[in-house]
Amino acid sequence: MTQISQFFPVWDQLTPGQQQQLSEAAVLRSLPKGSVLHGGVDQCTGLLLIHSGQLRAYALSDQGRQITLYRLFERDICLMSASCMMRSLQFDVTIQAEKDTQVTIIPSQVYKQVMEQSAPLANYTNEIMASRFTDVMWLMEQVMWKSLDRRLAEFLLEESALENTLQLRITHEAIGEHLGSAREVITKMLRYFQSEGMVKLSRGMVELTDPDKLEELRDRS
């Protein structure tokens, strides 16, 4: 398992006492696929260090519709699950395991205490937070200005690259949750893709039959 020191480029700039404080507070957890680790702004789960697997951070509308904000992979750090340690930050995000995942959790209060003592750790934490907000702002731009067919083509291509296969075992409802769209709309769009020879649909599966054509659609200005 990856040591927690390898998640922090500034680890050597912490004092031995600060390193020990973080290490002793860290708790290893195994998360089965589908489990929810963090359920919104009222929870303060702690800082998550992802050793293996895949997590999904998503927002939930008042109507119950989901949209994926970003994903977290091996060697990533999740700060949103510890947002309570930043007084001015209120961000309602749910964190769910998309695959069987192993994480280390550092309690928020412990991390906050060390961060307040260490300028290098505070600066690195701010860099992570800025990067995540950049991801969210990019997503907002995509939703506001990019048509759904292009966003769907991009999602299918990214999912294919992640899973290293052209045969995606994913439901239309799950795709809709990622893109913040209704299942019926996704089904209609996928059927159009199928009529254009870009995908082949079967129960619980979307097969990419013409990735080049999907790329052309994704990159269309």
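Answer yes if at least one residue in the range 114-124 is under 29 Å from Q63 (Cα atoms), surrounded by 13 or more Cβ atoms within 10 Å (Cβ to Cβ) and without any contact (Cβ under 8 Å) to a residue 12 or more places away in the chain, and no otherwise. Lay out the reasoning, then the answer.
Narrowing the range 114-124 to residues under 29 Å from Q63 (Cα atoms): none.
No, the conditions are met nowhere in the range 114-124.
Would you be able to say whether some residue in the range 94-111 is surrounded by fewer than 16 Cβ atoms within 10 Å (Cβ to Cβ) and in a helix (DSSP H, G or I)?
yes
So which strands (runs of 3 or more DSSP E) stay within the range 21-79 end to end and still have 2 or more residues that are in contact with a His (Cβ under 7 Å, 6 or more places away or on another chain)? Full working, then the answer.
Working: elements: 27-31, 36-39, 47-52, 55-60, 66-72.
Output list is empty.
Let's see how each residue does on (1) out of contact with any strand residue (DSSP E or B) (no Cβ under 6 Å at 6 or more places or on another chain); (2) not hydroxyl-bearing (S, T, Y):
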position: L121; (1), (2): yes, yes
position: T125; (1), (2): yes, no
position: R150; (1), (2): yes, yes
position: Q167; (1), (2): no, yes
position: H172; (1), (2): yes, yes
position: M189; (1), (2): yes, yes
position: E216; (1), (2): yes, yes
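For the range 170-192, what are the residues that are under 21 Å from L139 (Cα atoms) and polar (S, T, N, Q)?
The answer is S181, and nothing else.
Can you tell me which of L121, L157 is in a helix (DSSP H, G or I), at pLDDT 90 or above and in contact with an Asp or Glu (Cβ under 7 Å, 6 or more places away or on another chain)?
Working: L121 fails: in contact with an Asp or Glu (Cβ under 7 Å, 6 or more places away or on another chain).
After applying the criteria, what remains is L157.
To keep it simple, each residue is scored yes or no on (1) over 22 Å from I67 (Cα atoms); (2) β-branched (V, I, T); (3) modelled with pLDDT of 90 or more; (4) assigned by TED's automatic domain parsing to the domain that holds L60.
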| residue | (1), (2), (3), (4) |
| --- | --- |
| L152 | no, no, yes, no |
| L162 | no, no, yes, no |
| E173 | no, no, yes, no |
| L179 | no, no, yes, no |
| V185 | no, yes, yes, no |
| F193 | no, no, yes, no |
| V199 | yes, yes, yes, no |
| G204 | no, no, yes, no |
| P211 | yes, no, yes, no |
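For the list (1) in contact with a Phe, Trp or Tyr (Cβ under 8 Å, 6 or more places away or on another chain); (2) over 16 Å from E116 (Cα atoms), I need the number of the one condition that L47 fails.
Going through the list (1) in contact with a Phe, Trp or Tyr (Cβ under 8 Å, 6 or more places away or on another chain); (2) over 16 Å from E116 (Cα atoms), L47 breaks only (2).
If D62 meets every condition in (1) among the acidic types (D, E); (2) out of contact with any strand residue (DSSP E or B) (no Cβ under 9 Å at 6 or more places or on another chain); (3) modelled with pLDDT of 95 or more apart from one, which number is that one?
It fails just one condition, (3).
The values are calculated or read from the model by the stated rules, or taken from the named source; none is laboratory data. Since the model is a prediction, treat every value here as computed from it, not as a measurement. Using ideal geometry, Cβ is built from the backbone for each residue, glycine included, and neighbour counts are taken over all protein chains shown.
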